[in-house]
1. Of all the residues that make up segment 241-264, how many are assigned to a loop (DSSP other than H, G, I, E, B), in contact with a strand residue (DSSP E or B) (Cβ under 9 Å, 6 or more places away or on another chain) and open to solvent by 20 Å² or more (accessible area, probe 1.4 Å)?
2. Inside segment 294-310, can you point out the residues that are under 15 Å from residue 43 (Cα atoms) and either surrounded by 14 or more Cβ atoms within 10 Å (Cβ to Cβ) or touching a residue at least 60 places away in the same chain (Cβ under 8 Å) (or both)?
3. Here are the criteria: (1) assigned to a helix (DSSP H, G or I); (2) out of contact with any strand residue (DSSP E or B) (no Cβ under 9 Å at 6 or more places or on another chain); (3) touching a residue at least 60 places away in the same chain (Cβ under 8 Å). Tell me which single one residue 75 does not satisfy.
4. When you go through (1) more than 23 Å from the chain's Cα centre (by Cα); (2) open to solvent by 10 Å² or more (accessible area, probe 1.4 Å); (3) not β-branched (Val, Ile, Thr) one by one for residue 140, which number turns out not to apply?
5. Within the group 47, 21, which residue is within 15 Å of the ligand (Cβ to nearest atom), loosely packed, with under 15 Cβ neighbours inside 10 Å and at pLDDT 95 or above?
6. Out of segment 278-317, which residues are within 16 Å of the ligand (Cβ to nearest atom) and assigned to a helix (DSSP H, G or I)?
7. Just to be sure, is residue 232 in contact (Cβ under 8 Å) with a residue 60 or more places away in the chain, within 18 Å of the chain's Cα centre (by Cα), within 13 Å of the ligand (Cβ to nearest atom) and open to solvent by 40 Å² or more (accessible area, probe 1.4 Å)?
8. Go through the residues of segment 165-176 one by one and say whether even a single one is surrounded by fewer than 23 Cβ atoms within 10 Å (Cβ to Cβ) and either at pLDDT below 95 or charged (D, E, K, R) (or both).
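The values are calculated or read from the model by the stated rules, or taken from the named source; none is laboratory data. Just so we're clear, the structure is a prediction, and the values are computed from it rather than from any experiment. Note that we place each Cβ from the backbone using ideal geometry, even for glycine, and neighbour counts take in every protein chain shown. Only protein heavy atoms, including side chains, enter the accessible area calculation; ligands, DNA and RNA are left aside. Shrake-Rupley method; radii C 1.70, N 1.55, O 1.52, S 1.80 Å.
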Amino acid sequence: MDEIQPIAWVSGNLALLDQTRLPHHEVTLELSDYRQVVDAIREMRVRGAPAIGVAAAYAMAMAARQVASEDASRFLPLLREAAKEIRAARPTAVNLAWAVERLLALAEATPGPADAAQRLLAEAKAIQKQDVEVNRRIGRHGAALLRSQGAVLTHCNTGALATAGYGTALGVIRAAWEEGARFEVFHTETRPFLQGARLTAWEMLRLGIPATMVVDSAAGLLMREGAVRCVIVGADRIAANGDTANKIGTYALAVLAKENGAPFYVAAPTSTIDFSIASGDEIPIEERDPLEVSRLEGVKTAADGIGIRNPAFDVTPHRYIDAIITEEGVVRSPYTTNLAPSRP
Ligand code: MRU
């Protein structure tokens, strides 16, 4: 099976597998301007915290190339403006800001716009490559936990599509299967953007791992019946105390897991930990267009005129999280102490 590659640098352009067209159409976008990448992130053509980070790194490299050729005399001020635009594309996933800051710092430390543009591109490629390696390590650390638990439920899409490749929470499931463990896999549909129904289902079918999809609200029943024995999700931002922002609905799953005695795991790279914030109260929650809720594939489903809120993420307090799996290992409570060694 070919590995899914959601992001590629091809002949000087950024090639993105358009995730809004999956699972029925495999369309690759070829982007040459950093503003197109900003739009693609905002429109969720590329999505998932680590994938957004990689796309943002390439957007910075593209911005540097554009500024270097258009107005080299104002290279750094213009690049800082581009960085602000890229950072604002989506607010919750910290990987985006992490990648932008890392590349901006590199540009500031490199004399000469042309050299800086080249170094930024090399750095974006390095971040992309590193992400796949990090995910494989997360997978190896987490696989042991799943092997001992049995049937697992996951939410949203945390697979290759959400990263540079392999995946985080889905990577853990995949790693356990690759090691020969066999257990049932359930995943949610993930209203309203249907990352589960469209993307996780597509990936599971490609991987050949049998999986069963349920509507988000079936999770409680499955846990109560004992059909689901543990839950594993990804993360968009983890505060220093372990509070974790992830796809809307994650908090509800964590509370249900605790009520039903099912361990609840978070799998994420250390670049998703935001040590600058003490708790999840400080994580900005993205609110998206109400049309994502009132329509399905463009077809109206809700009654005209009803008020709608569409928060895209929620925060799960650390007390509901049994372990956070990073590339460095399995971290358990107290998170403020035990995550600290991962600080860059
Ligand atoms: O809105 P999305 O699809 O970008 O949200 C994605 C998630 O919430 C994922 O669980 C998270 O980014 C981790 S992806 C490895």
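1. Final tally of qualifying residues: 3.
2. Across segment 294-310, the qualifying residue is only 310.
3. Among (1) assigned to a helix (DSSP H, G or I); (2) out of contact with any strand residue (DSSP E or B) (no Cβ under 9 Å at 6 or more places or on another chain); (3) touching a residue at least 60 places away in the same chain (Cβ under 8 Å), the lone unmet condition for residue 75 is (3).
4. Against the list (1) more than 23 Å from the chain's Cα centre (by Cα); (2) open to solvent by 10 Å² or more (accessible area, probe 1.4 Å); (3) not β-branched (Val, Ile, Thr), residue 140 comes up short only on (1).
5. On the way: 47 fails: loosely packed, with under 15 Cβ neighbours inside 10 Å.
None of the others qualify; the one that does is 21.
6. First, the residues of segment 278-317 that are within 16 Å of the ligand (Cβ to nearest atom): 280, 283-293, 309-316.
280, 291, 292, 293, listed by residue number.
7. Considered against the rule, which asks whether it is in contact (Cβ under 8 Å) with a residue 60 or more places away in the chain, within 18 Å of the chain's Cα centre (by Cα), within 13 Å of the ligand (Cβ to nearest atom) and open to solvent by 40 Å² or more (accessible area, probe 1.4 Å), residue 232 comes out as no.
8. No.
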